[in-house]
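The values are calculated or read from the model by the stated rules, or taken from the named source; none is laboratory data. Only a predicted model underlies this, so the values are computations on that prediction, with no experimental measurement involved. In this analysis, Cβ positions are derived from the backbone assuming ideal geometry, glycine residues included, and neighbour counts consider all displayed protein chains.
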Amino acid sequence: MGGIGSGNRWRHGARSSTDDLHGLDIRRLAAKGALRPGFVGSWQWLRRDKVVASIGLRTESDRLILTYQHSSQGGDWEDERYSVGLSWTRCHLGGHRPWFMCPASGCGRRVAVLYGGRIFACRYCHRLAYASTRESPGDRAARKADRIRLRLGWEPGFLNGDGWKPKWMRWRTFARLKQEHDQLVGRSCAEIAHKLRLIGEEPPSQKIE
């Protein structure tokens with residue numbers, strides 16, 4: 001896998017943020033059907049529509065097997081293959097929510113996202129701060145809108161348009177989430193528009209009186 005392990009700070013070094021490592025989100029895997037036992041495929045990370053990293057996935061009833069290559073600090077590429085335990089908890093409105101069991105030695109935390117260094121592990125093991133500490137209000141609104149999209153089973157990113165109401169969800173709940181989603185998108189778009197106006201403005205002139 002291209003880039004996995006580069007600049008790895010697992011259990012030592014300066015504190016990075018969750019944006020500094022590739023994140024593997026179990027909710028997105030579930031939305032794509034990648035948690036079905038017997039699934040075999042890959043997960044990719046894109047930047048400007050180009051693949052920058054990928055890992056192989058094979059799903060069994062209670063675990064996900066990861067295969068990839070990593071290179072730490074410009075060294076030789078090494079093969080990695082190991083399993084990550086899966087767990088499910090019952091939701092209040094029905095159904096079950098999946099979780100990863102962090103595979104780092106001595107951890108085993110139940111988490112929704114693992115971050116890829118030499119191994120994929122939770123943010124506590126990688127000593128990562130949340131990227132939200134660096135977010136603007138518009139970025140934060142877009143992230144919250146994405147969280148609602150995941151709950152609704154819609155494709156991440158509000159530029160991808162809206163989806164449909166999940167069959168199991170009540171119309172009242174759907175309407176509330178849709179309204180909240182649209183308000184968040186409006187805030188994010190307003191900040192984007194403001195930044196674009198600033199980019200298009202002439203820089204202020206300077207002079208000495």
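Hey, can you tell me all the residues within the range 151-189 that are surrounded by 13 or more Cβ atoms within 10 Å (Cβ to Cβ), of a type outside the set (Asp, Glu) and in a loop (DSSP other than H, G, I, E, B)? Answer for the range 151-189, where residues must be surrounded by 13 or more Cβ atoms within 10 Å (Cβ to Cβ), of a type outside the set (Asp, Glu) and in a loop (DSSP other than H, G, I, E, B): Gly153, Trp154, Pro156, Lys165, Pro166, Met169. In the range 54-73, what residues are at pLDDT 85 or above and closer than 15 Å to Gly117 by Cα? Across the range 54-73, the qualifying residues are Ser54, Ile55, Leu66, Thr67, Tyr68, Gln69.
To keep it simple, each residue is scored yes or no on (1) among the hydrophobic types (A, V, I, L, M, F, W, C); (2) surrounded by 12 or more Cβ atoms within 10 Å (Cβ to Cβ).
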| residue | (1), (2) |
| --- | --- |
| Ala31 | yes, yes |
| Arg47 | no, no |
| Ile55 | yes, yes |
| Thr67 | no, yes |
| Ser71 | no, yes |
| Val84 | yes, yes |
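Within the range 133-164, if we keep just the residues that are more than 16 Å from the chain's Cα centre (by Cα) and free of Cβ contacts under 8 Å to residues at least 24 places away in the same chain, the residue that is nearest to Gln179 (Cα to Cα) turns out to be Asp162.
Residues that are more than 20 Å from Ala31 (Cβ to Cβ) and touching a residue at least 24 places away in the same chain (Cβ under 8 Å) within the range 79-103 comprise Glu80, Tyr82, listed in sequence order. Would you mind finding the one in Arg97, Arg90, Arg118 that is in the same structural domain as Ile65 (by TED's automatic domain parsing) and farther than 23 Å from Gly33 by Cα? Only one candidate qualifies: Arg118. Checked against (1) within 19 Å of the chain's Cα centre (by Cα); (2) at pLDDT below 95, Asp76 passes all but a single condition, namely (1).
Selection over the range 167-205 of residues that are modelled with pLDDT under 80 and charged (D, E, K, R) gives a count of 4.
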